[in-house]
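A quick write-up on the structure given underneath.
The values are calculated or read from the model by the stated rules, or taken from the named source; none is laboratory data. A quick note: this is a predicted structure, and the numbers were derived from the prediction, not measured. Reconstructed Cβ throughout: ideal geometry from the backbone, glycine too, with neighbour counts over all protein chains shown. With ligands, DNA and RNA removed, areas are computed over all heavy atoms of the protein, side chains included. Shrake-Rupley method; radii C 1.70, N 1.55, O 1.52, S 1.80 Å.
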Amino acid sequence: MKAAVYYETGPPSVFRYEEVPDPVCGRGDVVVDIEAVSIEGGDTLNRAGGEMASSPHIVGYQCAGTIAEVGPDVTDRQPGQRVVCTMLWGSHAERIAAPSIVTWLVPDGVDIVEAACVPVAFATADDCLFEFGHLQPGETVLIQAGAGGVGLAAIQLAQRAGATVIATASSDEKLDRPREDGLDHGINYRTSDFPTIARELTGGRGVDLVVDPVGSTLPGSVQALAYRGRLTLVGSAGRDPRPFDAGMLMMGNQTLTGVFLGAEITTPRVQALVDRLLAEVAKLEIRVVVDRRFPLADAAAAHAYLESRQAFGRVVLVP
């Protein structure tokens, strides 16, 4: 099979499009013919400097396609079914062997490209808002990086839950487009001081919850919080780690919670959550925004485009 591989971490140019051995189906695995790969933020971070499980290494942890083979211990999946799956690495390829427990059936009528983008972004957003963020109807939430995959998912889910939704992005254009999904107020962080604007929008009180997938924005996120406000940290998309003084939280009795979906991906709770989200995509209750599709052979260009911060929504590879 063909795959986008690299022999050392670094910029997108480290990718090579090469022939590699087909994956071996383990007893509890399914082998999937990949039809769409959702490039996640963690994929770019791993390529830039993460651990390499093999050499050459195939990065990527989310894709969708059709099952070609099932292991002898698998009883709930069969060849021919369409699934979306998550894994530690290996999505940037034509085929993947993944444990059946981290696969979800794609509902009839759902485009396979859209399905490939659902589990990580939407379940992460749901966890940040509700499982760990405890968002309630009538509260106000600030979503950092509102034009990204997690951000766009969080805007939709928060609006549907009856919250007032504020989001940040790098341009006015990116802030105009999510209004149809429930964005109430947008803040261009390049031209405005987002903590100040967030407080002005809440009459000086601050927001009840911040969802922060950026990391380098943590000090500002705390400044935007109301008394007893909550902050969920879910990534380091800013790629600019800065020292964070947790003492900032004390005077406001505020809470910072780290969120990592992968730690609970095999639990019954998250399994059911992803099934529900896929069903909601099928019923058009939530929507997946795909910005651009690249051939798998152009993985370097796709990663470079995602890192340029031009994307609005998901960037997808198609083998």
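See the values below:
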| quantity | calculated |
| --- | --- |
| Members of the range 307-319 found to be open to solvent by 30 Å² or more (accessible area, probe 1.4 Å), closer than 17 Å to V113 by Cα and outside any strand (DSSP E or B), listed by number | P319 |
| Of the criteria (1) more than 19 Å from L45 (Cα to Cα); (2) part of a helix (DSSP H, G or I); (3) open to solvent by 20 Å² or more (accessible area, probe 1.4 Å), which one A301 fails | (1) |
| Filter pass, A154 being outside any strand (DSSP E or B), touching a strand residue (DSSP E or B) at 6+ places or on another chain (Cβ under 7 Å) and open to solvent by less than 10 Å² (accessible area, probe 1.4 Å) | yes |
| Odd one out for H92 among (1) touching a helix residue (DSSP H, G or I) at 6+ places or on another chain (Cβ under 6 Å); (2) more than 25 Å from Y17 (Cα to Cα) | (2) |
| Test set (1) in contact with a strand residue (DSSP E or B) (Cβ under 7 Å, 6 or more places away or on another chain); (2) under 24 Å from L225 (Cβ atoms); (3) hydroxyl-bearing (S, T, Y) - T86 fails condition number | (2) |
| Matching strands (runs of 3 or more DSSP E) fully within the range 1-50 where at least 3 residues are of a type outside the set (G, A, S) and touching a residue at least 40 places away in the same chain (Cβ under 8 Å) | 29-38 |
| Conditions (1) in a loop (DSSP other than H, G, I, E, B); (2) in contact with a Ser or Thr (Cβ under 8 Å, 6 or more places away or on another chain); (3) of a type in the set (G, A, S): number failed by S192 | (2) |
| Residue list for the range 222-237, filter: among the charged types (D, E, K, R) and in contact (Cβ under 8 Å) with a residue 40 or more places away in the chain | R230 |
| Residues of the range 269-298 that turn out to be in a loop (DSSP other than H, G, I, E, B), farther than 16 Å from E35 by Cβ and in contact with a helix residue (DSSP H, G or I) (Cβ under 9 Å, 6 or more places away or on another chain), as a count | 4 |
| Scope the range 274-298; condition touching a residue at least 24 places away in the same chain (Cβ under 8 Å), within 25 Å of G109 (Cβ to Cβ), open to solvent by 50 Å² or more (accessible area, probe 1.4 Å) and over 15 Å from the mean Cα position of the chain (by Cα); matching residues | D275, E285, R292, R293 |
| Matching option when the condition is more than 25 Å from A282 (Cβ to Cβ) and either part of a strand (DSSP E or B) or more than 16 Å from the chain's Cα centre (by Cα) (or both), among G65, G80, G109, G133 | G133 |
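Residues checked against (1) over 21 Å from L296 (Cα atoms); (2) of a type in the set (A, V, I, L, M):
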residue: G26; (1), (2): yes, no
residue: A48; (1), (2): no, yes
residue: A53; (1), (2): no, yes
residue: G65; (1), (2): no, no
residue: A68; (1), (2): no, yes
residue: V83; (1), (2): no, yes
residue: A93; (1), (2): no, yes
